[in-house]
Amino acid sequence: MQINRLFGIVYILMNRKATAKELAKRFEVSVRTIYRDIEVLSSTDIPIYTARGKGGGINLIDGYTLDKSILSESEQTEILLALQSLSATQYPAIDKIIRKLSSLFKKEDLQWIDVDFSLWGADKNTNIFNLLKAAIVERRVICFEYYNSLGERSGRKVRPVKLVFKHNSWYLKAFCLLRNEWRTFKISRMYGIHKTEEFFSDIPAETLLKGVSKSLSATWVEVCMRIAPEGAYRVFDDFEKNEVKKNPDGSFTAISFFPEGEWLFNHILSYGVLGEVISPEHIRNGVLKRLKDNIKKYEIEKYE
């Protein structure tokens with residue numbers, strides 16, 4: 001959102017001078033976009049100026065105090081809520097920033113929201129998150145043991161670049177030095193994580209974006225499922241509202257795209273008797289094969 005970026009630029013400049021290149025890197029946009037933002041800020045009577053040459057950069061006139069009137073009531077609330085969500089990641093000094101802005105905007109009561117990404121009754125992910133966050137900021141190579149979706153273990157050495165929270169799980173985007181390519185690792189499958197003494201240089205934004213796109217590439221398949229009425233509690237957790245149709249008998253028909261692989265079969269099987277794949281045929285057959293293989297494990301003859 002542009003308004004959040006504009007506010008962020010002003011906040012940074014209130015504390016120090018910065019170059020357009022530094023700001024572009026911080027907000028993951030182009031230098032041209034930063035200069036456009038500076039023009040927008042200037043048009044709102046914020047005393048911002050640029051200086052060329054050695055020691056130059058973008059700055060605010062000394063003594064400037066941010067006028068909260070440049071932000072609407074809803075924009076002020078959005079910024080505070082976004083920062084409060086970020087506090088769940090234990091980002092350094094974020095609570096102090098929230099207190100300052102809450103006082104400036106005269107919005108002291110934001111306690112109705114509490115964001116916590118950790119699992120119920122567990123703090124494993126929080127400790128891992130802090131370690132990975134530090135490794136990313138320090139640009140330090142990390143090593144760990146990783147279990148893939150097939151349960152296969154392998155030692156990994158990677159350059160960590162970004163943490164992502166998606167579909168109720170944390171993931172790490174990194175360049176794997178073992179595979180020599182970009183990979184996305186599910187944090188709950190990472191064990192024995194430790195930082196090495198090996199550092200790496202900043203990765204250009206265009207290289208990062210290209211690598212991340214490649215690491216997330218997969219064969220996607222459209223899956224149609226019928227889910228029993230008793231499975232209603234799962235339906236709207238796993239599917240968007242516009243992907244679900246309620247049938248006259250109370251069951252649900254849900255259609256969505258999923259990345260094809262063993263994860264998908266495990267996900268479908270987690271519905272137990274409440275879910276059935278209608279299409280495509282090869283996914284339905286894949287589920288059937290795994291069910292048959294599982295039945296064999298429980299055959300009485302096996303224990304005779």
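The values are calculated or read from the model by the stated rules, or taken from the named source; none is laboratory data. From a predicted model like this one, the values you see are computed outputs, not experimental measurements. In this analysis, Cβ positions are derived from the backbone assuming ideal geometry, glycine residues included, and neighbour counts consider all displayed protein chains. For the accessible areas, the whole protein counts, side chains as well, though only heavy atoms, and no ligand, DNA or RNA atoms are used. Shrake-Rupley method; radii C 1.70, N 1.55, O 1.52, S 1.80 Å.
Structure values in brief
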read-out: Hits in the stretch 245-264 - residues which are open to solvent by less than 30 Å² (accessible area, probe 1.4 Å) and of a type in the set (A, V, I, L, M); value: 254, 264
read-out: Residue, nearest to the chain's Cα centre (by Cα), within the stretch 225-244, restricted to residues that are open to solvent by 20 Å² or more (accessible area, probe 1.4 Å) and in contact (Cβ under 8 Å) with a residue 40 or more places away in the chain; value: 234
read-out: Residue in the stretch 9-23 that is exposed (fewer than 11 other Cβ atoms within 10 Å of the Cβ) and modelled with pLDDT of 75 or more present; value: no
read-out: Qualifying residue in the stretch 163-173 (condition: open to solvent by less than 80 Å² (accessible area, probe 1.4 Å), within 20 Å of the chain's Cα centre (by Cα), of a type in the set (Val, Ile, Thr) and modelled with pLDDT of 85 or more); value: no
read-out: Flag for residue 158 being assigned to a strand (DSSP E or B), open to solvent by less than 50 Å² (accessible area, probe 1.4 Å), at pLDDT below 85 and under 18 Å from residue 131 (Cβ atoms); value: no
read-out: Flag for residue 132 being at pLDDT 60 or above and either surrounded by fewer than 11 Cβ atoms within 10 Å (Cβ to Cβ) or hydroxyl-bearing (Ser, Thr, Tyr) (or both); value: no
read-out: Residue match in the stretch 288-295 (condition: among the polar types (S, T, N, Q), in contact with a strand residue (DSSP E or B) (Cβ under 9 Å, 6 or more places away or on another chain) and open to solvent by less than 90 Å² (accessible area, probe 1.4 Å)); value: no
